[in-house]
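The values are calculated or read from the model by the stated rules, or taken from the named source; none is laboratory data. Not measured: the values here are computed from a predicted model. We place every Cβ from the backbone using ideal geometry, glycine too, and count neighbours over all the protein chains shown.
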Amino acid sequence: MTLPDPGEKKEFVHHKFSAVSEKYDLLNSLLSCYVDHYWRWIAARELSAYPDERILDLCAGTLPLSHEIARQIPRPVIAIDFCFDMLRYGTRHMKKGMEKFIMPVCGDGERLPLADSCCAGITVAFGVRNLTRLDVGLREMLRVLRPGGKLVILEFSRPSNPLFGPVYMYYLHHILPHIGGLISGDSEAYRYLADSIEAFYSPLELAAMMEAAGFQSVRYYPLTMGIVHIHTGIRGRQAIA
Ligand SMILES: C[S@@+](CC[C@H](N)C(=O)[O-])C[C@H]1O[C@@H](n2cnc3c(N)ncnc32)[C@H](O)[C@@H]1O
């Protein structure tokens, strides 16, 4: 396993994303056979009920989901990530006209540089698995979400199908790190990806953590045979305890 100790996780994750930032988009699409675009399309569509309001795309990386949110409905998107190199690559490759809507901000998801209740929606694509203290991150998301606002999490999971599951896990552990290493030059980053998916909470456990943080109406559903799940939760109208 290449999973770092909790005390070293933040630095490890930051370092790994910095190292692969230039090849991140290419590898994402290659390794998922371009299905990642569909996953982000579904995630962004979850916020279609908030057409005129500000959205936070947390762990925004190279901004692919921020683009999709602003493409579906042009509106302000604050894109926060703690890895400057990921944001810089995304900003350099921003599609024409998108700079009017997407505002990249370097910041930590466990200590968001935002006022209380300032966003109507939050998306986190492939980010919650990377947070060192997920409970702290979820409470921060609740804090910056306005009452009635919606959190949408897109995250990898382990397919439970008895035929597809083992094939996918073999691909994850034995093929993906080689391709990832070959193209990015950092196979450890892609071994971390596989190991962190293996070790991450089940969808049921993640839903329970969202509820424990204070989210209401928590729901989740699988996409692509359970390779990923979408989780959603609403901030209730009452004050946060
Ligand atoms: C797998 S990438 C996901 C990027 C993008 N959301 C996507 O859809 O491809 C995870 C991102 O989370 C960021 N990240 C990890 N921990 C973070 C933290 N504590 N605060 C802010 N960003 C964080 C990493 O820098 C990385 O860019």
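Of everything in segment 50-79 that's of a type in the set (A, V, I, L, M, F, W, C) and more than 19 Å from V128 (Cα to Cα), which residue is nearest to the ligand (Cβ to nearest atom)?
Quick first cut of segment 50-79, residues of a type in the set (A, V, I, L, M, F, W, C) only: 55-56, 58-60, 63, 65, 69-70, 73, 77-79.
Checking which are more than 19 Å from V128 (Cα to Cα) leaves us with 70, 73.
Values: A70: 14, I73: 18 Å.
Out of the qualifying residues, it is A70.
Can you find, within segment 143-172, the residue that is farthest from S187 (Cα to Cα) among those that are among the hydrophobic types (A, V, I, L, M, F, W, C) and within 16 Å of the ligand (Cβ to nearest atom)? Show your work before the answer.
Quick first cut of segment 143-172, residues among the hydrophobic types (A, V, I, L, M, F, W, C) only: 144-145, 151-154, 156, 163-164, 167, 169, 172.
If we keep only those that are within 16 Å of the ligand (Cβ to nearest atom) too, we end up with 144, 151-154, 156, 172.
Working: V144: 36, L151: 32, V152: 29, I153: 26, L154: 24, F156: 19, L172: 12 Å.
By that ranking, first place goes to V144.
Among the residues of segment 209-227 satisfying the criterion of being in a helix (DSSP H, G or I) and within 18 Å of the chain's Cα centre (by Cα), which is surrounded by the fewest Cβ atoms within 10 Å (Cβ to Cβ)? Walk me through how you get there before you give the answer.
Looking only at segment 209-227, we keep the residues that are in a helix (DSSP H, G or I), and these are 209-213, 224-226.
From what's left, within 18 Å of the chain's Cα centre (by Cα): 209-210, 213, 224, 226.
Numbers: M209: 17, M210: 24, A213: 21, T224: 15, G226: 18.
So the residue we want is T224.
Can you tell me which residues in segment 109-132 are more than 9 Å from the ligand (Cβ to nearest atom) and farther than 21 Å from L154 by Cβ?
Those that are more than 9 Å from the ligand (Cβ to nearest atom) and farther than 21 Å from L154 by Cβ: P113, A115, D116, S117, C118.
If you check G90 against the conditions, is it under 19 Å from K16 (Cβ atoms), of a type outside the set (S, T, N, Q) and in contact with a Phe, Trp or Tyr (Cβ under 7 Å, 6 or more places away or on another chain)?
The answer is no for G90.
For Y89, indicate whether it is within 13 Å of the ligand (Cβ to nearest atom), modelled with pLDDT of 95 or more, touching a Gly at 6+ places or on another chain (Cβ under 9 Å) and not in a strand (DSSP E or B). Spell out the reasoning first.
On the way: within 13 Å of the ligand (Cβ to nearest atom): yes; modelled with pLDDT of 95 or more: yes; touching a Gly at 6+ places or on another chain (Cβ under 9 Å): yes; not in a strand (DSSP E or B): yes.
Criteria met by Y89.
Within segment 152-188, how many residues are in contact with a Phe, Trp or Tyr (Cβ under 9 Å, 6 or more places away or on another chain) and of a type in the set (D, E)?
1
Pick out the one residue from C83, C106 that is under 18 Å from L131 (Cβ atoms), crowded, with 19+ Cβ neighbours inside 10 Å and either within 13 Å of the ligand (Cβ to nearest atom) or over 17 Å from the mean Cα position of the chain (by Cα) (or both).
C83
Within segment 8-44, track down each residue that is charged (D, E, K, R), more than 9 Å from the ligand (Cβ to nearest atom) and either under 14 Å from the mean Cα position of the chain (by Cα) or not in a helix (DSSP H, G or I) (or both).
At the first step, the residues of segment 8-44 found to be charged (D, E, K, R) are 8-11, 16, 22-23, 25, 36, 40.
Keeping just the survivors that are more than 9 Å from the ligand (Cβ to nearest atom) gives 8, 11, 22-23.
Within segment 8-44, E22, K23 qualify.
Rundown of residues vs (1) in contact with a strand residue (DSSP E or B) (Cβ under 8 Å, 6 or more places away or on another chain); (2) buried (at least 24 other Cβ atoms within 10 Å of the Cβ), yes/no style:
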| site | (1), (2) |
| --- | --- |
| S48 | no, no |
| E53 | yes, no |
| I69 | yes, yes |
| R111 | no, no |
| A115 | no, no |
| R133 | no, no |
| R146 | yes, no |
| R158 | no, no |
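Looking at segment 149-159, is at least one residue at pLDDT 95 or above and among the polar types (S, T, N, Q)? First the steps, then the outcome.
Start the filter on segment 149-159 by keeping residues that are at pLDDT 95 or above, which leaves 149-159.
Then keep just the ones that are among the polar types (S, T, N, Q); that gives 157.
Yes.
Looking at the structure I just gave you, is L47 modelled with pLDDT of 95 or more, in a helix (DSSP H, G or I) and under 21 Å from L131 (Cβ atoms)? Break it down into steps so the answer makes sense when it comes.
Values: modelled with pLDDT of 95 or more: yes; in a helix (DSSP H, G or I): no; under 21 Å from L131 (Cβ atoms): yes.
No.
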